[in-house]
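A short worksheet on the structure shown next.
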Amino acid sequence: GNRAVYGGAFFACGVVVNASAPQLRLVRNVASAAGGVAFGCSLGAGAFYSAAQVPWLLMPPDPIAVAANAAWLYGQLLATPVSSATWAEPPPLSLASGLSLGHCAVRLADDFGQSAPDPTIALVL
């Protein structure tokens with residue numbers, strides 16, 4: 001297997017990776033951040049798609065050819081950068097100047113709709 005921070009086997013942006021050859025095995029690849037097998041550029045906010053519809057990666061037809069892959073943060077098989085943010089716990093609708101927002105939370109997701117807890121992302125309100 002291969003090891004990388006993003007995309008254990010492949011990192012694709014602006015190209016199509018053809019990994020559909022019958023003899024190719026995508027096994028035991030590890031991404032320390034995201035995309036155990038592959039990490040690709042986002043198609044933009046709200047462009048959610050399934051692993052079978054990935055426009056930048058042709059996967060092997062045999063599911064046994066893709067096994068035992070891992071990503072430490074998100075996307076055991078496939079991932080993209082964060083492409084959407086929604087309030088998990090919204091801030092108050094109004095607040096007096098100088099007061100703390102209190103507790104609020106944002107859910108980040110990639111193009112697959114996977115929760116994307118990436119500690120390198122800073123949110124600014």
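The values are calculated or read from the model by the stated rules, or taken from the named source; none is laboratory data. Here the structure is a predicted model, which means the values were calculated and not measured. Ideal geometry is used to build each Cβ from the backbone, glycine not excepted, and the neighbour counts take in all protein chains shown. Accessible surface is based on the protein model in full, side chains and every heavy atom, while ligands, DNA and RNA are left aside. Shrake-Rupley method; radii C 1.70, N 1.55, O 1.52, S 1.80 Å.
Of the residues making up the stretch 105-125, those that are part of a loop (DSSP other than H, G, I, E, B), under 11 Å from ALA85 (Cβ atoms) and without any contact (Cβ under 8 Å) to a residue 60 or more places away in the chain are ILE121, LEU123. Restricting the first member to the stretch 33-45 and to residues that are closer than 11 Å to GLN76 by Cβ, and the second to residues that are assigned to a strand (DSSP E or B) and small (Gly, Ala, Ser), the beta-carbon pairs closer than 6 Å and six or more apart or on different chains are ALA34/ALA71; ALA34/ALA79; GLY35/ALA71; GLY35/ALA79; GLY36/ALA70; GLY36/ALA71.
Given the structure, is ASN2 at pLDDT 90 or above and either polar (S, T, N, Q) or surrounded by fewer than 12 Cβ atoms within 10 Å (Cβ to Cβ) (or both)? Quick ask: steps written out before the conclusion?
Values: at pLDDT 90 or above: yes; either polar (S, T, N, Q) or surrounded by fewer than 12 Cβ atoms within 10 Å (Cβ to Cβ) (or both): yes.
So ASN2 passes the test.
Considering the stretch 106-125, and only residues there that are loosely packed, with under 10 Cβ neighbours inside 10 Å and among the hydrophobic types (A, V, I, L, M, F, W, C), the residue that is farthest from PRO55 (Cα to Cα) turns out to be LEU125. Looking only at residues in the stretch 29-52 that are at positive phi and modelled with pLDDT under 90, the one that is most open to solvent (accessible area, probe 1.4 Å) is GLY46. Looking at the stretch 77-94, which of its residues are surrounded by 13 or more Cβ atoms within 10 Å (Cβ to Cβ), at pLDDT below 90 and among the polar types (S, T, N, Q)? Correct list: SER83, SER84.
Would you call ALA68 under 28 Å from ALA9 (Cβ atoms), of a type outside the set (Ser, Thr, Tyr), open to solvent by 70 Å² or more (accessible area, probe 1.4 Å) and touching a residue at least 60 places away in the same chain (Cβ under 8 Å)?
Details: under 28 Å from ALA9 (Cβ atoms): yes; of a type outside the set (Ser, Thr, Tyr): yes; open to solvent by 70 Å² or more (accessible area, probe 1.4 Å): yes; touching a residue at least 60 places away in the same chain (Cβ under 8 Å): yes.
So ALA68 fits the description; yes.
Here SER97 passes the criteria (1) out of contact with any Phe, Trp or Tyr (no Cβ under 9 Å at 6 or more places or on another chain); (2) open to solvent by less than 90 Å² (accessible area, probe 1.4 Å) except the one numbered (2).
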